[in-house]
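The next block holds one structure in the form of structure tokens; read it before the comments.
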Amino acid sequence: MQQARRVTSQEPTSRQLFLYFLRLGTVGFGGLIALAGYMQKELVDERHWITPEEYKEGLALAQLAPGPLAAQLAIYLGWVRHGVLSFRYSAASASTIKNERATKAIPTSVPP
């Protein structure tokens, strides 16, 4: 049985969600765990794009899933709002850039 999707006061478009997660993944500070706090502050408290119940459910499920917490949470929140297409690019934009920056910071060779 499929649950009815809860509608928030301001329904974001797929593009708005993509740009939000892209910005968060690019300039977010504090690591992937800290990004979950930014998501709550911005998406739940300020923009009202996600309900508190959806956020709490997503955070609980993200903690159970392997991988970075923020990426798992972005996947869930994108899926809740816009289905399969959105959850794919939400995760990609939130985590790929962070991983790219972290990889560049790690030296690939040992100095003599």
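Taken together, the values in this text are just the output of simple stated rules run on the coordinates, not laboratory data. This is a predicted model, so every value here is computed, not measured. Here the Cβ positions follow ideal geometry from the backbone for every residue, glycine too, while neighbour counts run over all protein chains shown.
What residues of segment 47-69 lie in the reach of a label at I33, counting those whose backbone N is under 18 Å from a point 7 Å from the Cα along Cα→Cβ? 59-69, by backbone N distance to the label point. Mind grabbing the base-10 log of I(q)/I(0) for segment 10-72 at q = 0.14 Å⁻¹? Debye formula, identical points on the C-alpha positions, no solvent, two decimal places. One equal scatterer on each Cα of segment 10-72 leads to -0.38.
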